[in-house]
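Since the structure comes first, as structure tokens, the remarks are kept for the end.
The values are calculated or read from the model by the stated rules, or taken from the named source; none is laboratory data. Being a predicted model, the structure only gives us computed values, none of them experimental. In this analysis, Cβ positions are derived from the backbone assuming ideal geometry, glycine residues included, and neighbour counts consider all displayed protein chains.
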Amino acid sequence: MKYDYKVTQDGHTYEPGTNVPDMGSVICIKSEGNKRDYVFLAEDTDKLPTYDDLLSGSSALCVDEGIVYVYERTTKKWYQQGA
């Protein structure tokens, strides 16, 4: 979505007219620099962020399915744990 004003979302600032990603239910609950912990609903798995500066070891808990994902920076992918 594009806005005609500056938007800050998940620690990133988007200038007016820049596309701001739809994060759906994805919410950052903790951040230490660029390592982040998220919670989200299963329907928004595809909306987990893959920022260039997101660090490996970031995690995401799918609260309605009890599944944990961990991010790997070199592949820019989220990996389901315990599968």
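Selection of region 33-52 for residues being more than 17 Å from V68 (Cα to Cα) and either at pLDDT 95 or above or surrounded by 13 or more Cβ atoms within 10 Å (Cβ to Cβ) (or both) yields N34, Y51. Considering (1) touching a residue at least 24 places away in the same chain (Cβ under 8 Å); (2) surrounded by 15 or more Cβ atoms within 10 Å (Cβ to Cβ), the lone condition that D22 does not fulfil carries the number (2).
Just the residues that are within 27 Å of D4 (Cα to Cα) and either among the hydroxyl-bearing types (S, T, Y) or not in a loop (DSSP other than H, G, I, E, B) (or both), please, taken from region 20-41. Within region 20-41, S25, I27, C28 qualify.
Can you find a residue in region 65-81 that is in a strand (DSSP E or B), exposed (fewer than 15 other Cβ atoms within 10 Å of the Cβ) and of a type in the set (S, T, Y)? Among the residues of region 65-81, at least one is in a strand (DSSP E or B), exposed (fewer than 15 other Cβ atoms within 10 Å of the Cβ) and of a type in the set (S, T, Y), which makes the answer yes. Within region 1-17, the set of residues being loosely packed, with under 12 Cβ neighbours inside 10 Å and part of a loop (DSSP other than H, G, I, E, B) comprises M1, D4, Y5, K6, E15, P16, G17.
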